[in-house]
Amino acid sequence: MSNSKLTAQNAYLTEMLRQAGLDAEAQVVAARIQTVLTDEIHHRMKNMLTMVTSIVRQSMRSAQTLEQAENAIAVRLIAMSKAHDLLLKADWQSAPLATVIEGAIEQHNTAAGRIQMQGDNIEVASASILPLSLLLNELCTNATKYGALSRDGGIVTLSWEMDENAQALALRWVESGGPPVTPPTAKGFGTRLIESGIPRQFGGTGQLTFPASGARFELTVPLDRIMPVAMPEAADALQ
């Protein structure tokens, strides 16, 4: 066999071996990626089921009738579903805070201008989307049942801003134009979620007050706990 043919065959075999090596490496990488994705799906599913269990248990505990429990559970699960829709659209990475808020209040903001929004352009982590959606859903539900959104002409002013050092975020919910407000005599699951559960998860504070002019709520959280960085699991807030 001539040297030229041997050289050609060696080159062919070398290329085949190189391709085989690349294919094997690609399969290893693909297998690793699949393992990571499977673990992530399992983790998120487990966390979601834990949250659903907590919602059902706490809603049943707080409700006075089976019908109240059923309605409360349905509303909260719908809020979870909408938040997960947004998570999928955001590819589980992050989303603008304004988009998160719009998605959370959409079903309650049935008339133009009933919920007035204004705030800084802030990107929030995927882990922030679900708890924020649940928080806003509770505020909207209360306003629809008892507050500004229960009466024509009532409005909600929803604003958010970073502090001057860009270290913290303040989100404010102010109701006006509704019926006279009196503080509730007992705190249900929704109130505890608003005042302490979700603020505690963010490492911040929540203050819910009931002046006669309308309910008010202020959430203050460190920016590094709400922007795209690692956060505690959402289910922790519901225990």
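List of remarks:
- Cβ-Cβ FRET estimate between L77 and Q207, R0 fixed at 25 Å, reported to 0.05: 0.35
- Simple label model, 7 Å out from Cα along Cβ direction - Q116 to D224, nm: 3.6
- Three-way shape call for region 136-203 based on the alpha-carbon gyration tensor, with the a/c threshold at 1.5: oblate
- Net length gained if the chain between E70 and S176 were fully extended (0.36 nm per residue, minus Cα distance): 35.2 nm
- Estimated at 0.36 nm per residue, the fully extended path between E164 and R151 surpasses their Cα-Cα distance by 1.0 nm.
Every read-out reported here was derived from the displayed coordinates using simple, explicitly stated rules and does not represent laboratory data. All figures in this text were calculated on a predicted structure; none of them were measured in a lab. Note: ideal-geometry Cβ built from the backbone for every residue, glycine included; neighbour counts use all protein chains shown.
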